[in-house]
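Student: Sharing a structure below in structure tokens format, with a few things to ask.
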Amino acid sequence: MVSLHVGLLVIADCNYAPGDQQVFIRYGKFSNATLLLDFGFTLPYNNYDQVQVEFSIPHHDCLRALKLELLNSHFVPTVKDVNGFNSSGSSFIIKEVMSASGKGRGIPQSLRAYAHVLCSSSHQELSDMAMEAAQSDGRLARVPLKNRTREIQAHQFLLSKFSHLVEEYNACLKSLGPPTAPCMFENVSLRRQQTRDLLTGELRVLKSASAWLKYYCERLT
């Protein structure tokens, strides 16, 4: 047991002597965003990278009030993940989808339900979703819409959103210049590489989600 001057207490599970072996620390299953903000470093490839995306119902949508009422009635409590991100309301956490032809794990079901509501064009569609939720576990759109055209439209909406984000991320990466670009200051070079690691990881997540959404829509057509 070692008491540090800063007030921390380190408990070892065995005896150590100077020079015996290297001691490692485990930071946890954090994304590069959290590692950079909390610990000051990033990983070239981080399996736990994720992206938080925001959506909103346009004010000009004539069904906006009904859609908001439906979403509020079937509101899912805020869930905070290990990175401190919240997934609730119109904010969603996207994780890497490992297989484009799989079940789409990584894209929250709540996000797909939100897209169903957002793309609805009639009172009847909203009423049907509310009835379906009431007859199950209270959550919206737990199964694909019976109207295949609407199901495709909702997922194409998400695909469009993610595709736009992919373009923005690519533009940001391009603005950083090539990885081998010379830099006069070591600190600037380090920050540039950390930014590249962060953007590359989140871009990978967005591309994986886009690939799955594209496959899903093509499968339904």
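Student: Roughly how many debye, to the nearest 20, is the charge dipole of segment 109-221 about its Cα centre, given +1 on each Lys and Arg Cβ, -1 on each Asp and Glu Cβ, and no other charges?
Tutor: Magnitude of the dipole: close to 220 debye.
Student: Among Glu132, Glu151, Glu168, what is the fewest-to-most ranking by other Cβ atoms within 10 Å?
Tutor: The order, fewest Cβ neighbours first, is Glu168, Glu132, Glu151.
Student: On to the next question. Return the ratio Rg/(2.2 N^0.38 Å) for the chain, where Rg is computed over Cα atoms only.
Tutor: This ratio for the chain stands at 1.30.
Student: Take the chain, connect every pair of alpha-carbon atoms lying under 10 Å apart with a spring to form a Gaussian network, then pick out the residue of Ala211, Ala65, Ala113 with the largest mean-square fluctuation.
Tutor: Judging by the Gaussian network model, the answer is Ala65.
Student: For the chain, modelled as a Gaussian network with Cα springs under 10 Å, which listed residue fluctuates most, Gly19, Gly28, Gly106?
Tutor: Gly19
Student: Please return the longest range in the chain lying between exposed loop sites, taking trypsin sites (Lys or Arg not before Pro), DSSP loop only, at most 16 other beta-carbon atoms within 10 Å, and leaving the sites out.
Tutor: Longest run free of exposed loop sites: 147-221.
Student: May I ask which residue of Ser110, Asn47, Ala12 lies farthest towards the positive end of the charge dipole of the chain, with charges of +1 (Lys, Arg) and -1 (Asp, Glu) on Cβ and the Cα centre as origin?
Tutor: Ser110
Student: Follow-up question, since we're still on this one. Calculate how steeply helix 148-175 sits against the longest principal axis of the alpha-carbon atoms of the chain, using the helix alpha-carbon long axis, and give the answer as 0 to 90 degrees to the nearest 10.
Tutor: 30 degrees
Student: Let me ask something else about it. Of Pro182, Pro144, Pro44, which has the largest mean-square fluctuation in a 10 Å C-alpha GNM of the chain?
Tutor: Pro182
Student: Continuing with the same structure: Plugging the Kirkwood radius over Cα pairs into Stokes-Einstein for segment 133-221, at a temperature of 25 °C and a viscosity of 0.890 mPa s, what D comes out in µm²/s?
Tutor: Diffusion coefficient, whole number: 155 µm²/s.
Student: Here is the link list: Lys103/Lys174; Lys95/Lys214; Lys67/Lys95. Which ones come out longer than 22 Å on Cα distance?
Tutor: Lys103/Lys174; Lys67/Lys95
Student: Evaluate the distance, in nm, between pseudo-label points positioned 7 Å from the Cα of Phe39 and of Asp13 along their respective Cα→Cβ axes.
Tutor: According to this spin-label approximation, the distance is 1.8 nm.
Student: Moving on to the next point. What relative contact order, as a whole-number percentage, does segment 51-220 give when Cα pairs under 8 Å and 6 or more residues apart are counted?
Tutor: 28 percent
Student: What angle do you read, to the nearest 10 degrees and between 0 and 90, between the alpha-carbon axis of helix 123-135 and the longest principal axis of the chain?
Tutor: 60 degrees
Read the figures in this text as sums done on the coordinates, not as results from a lab. These numbers were taken from a predicted model, which means no experiment stands behind them. All Cβ positions, even for glycine, are placed from backbone atoms using ideal geometry, and neighbour counts span all protein chains on display.
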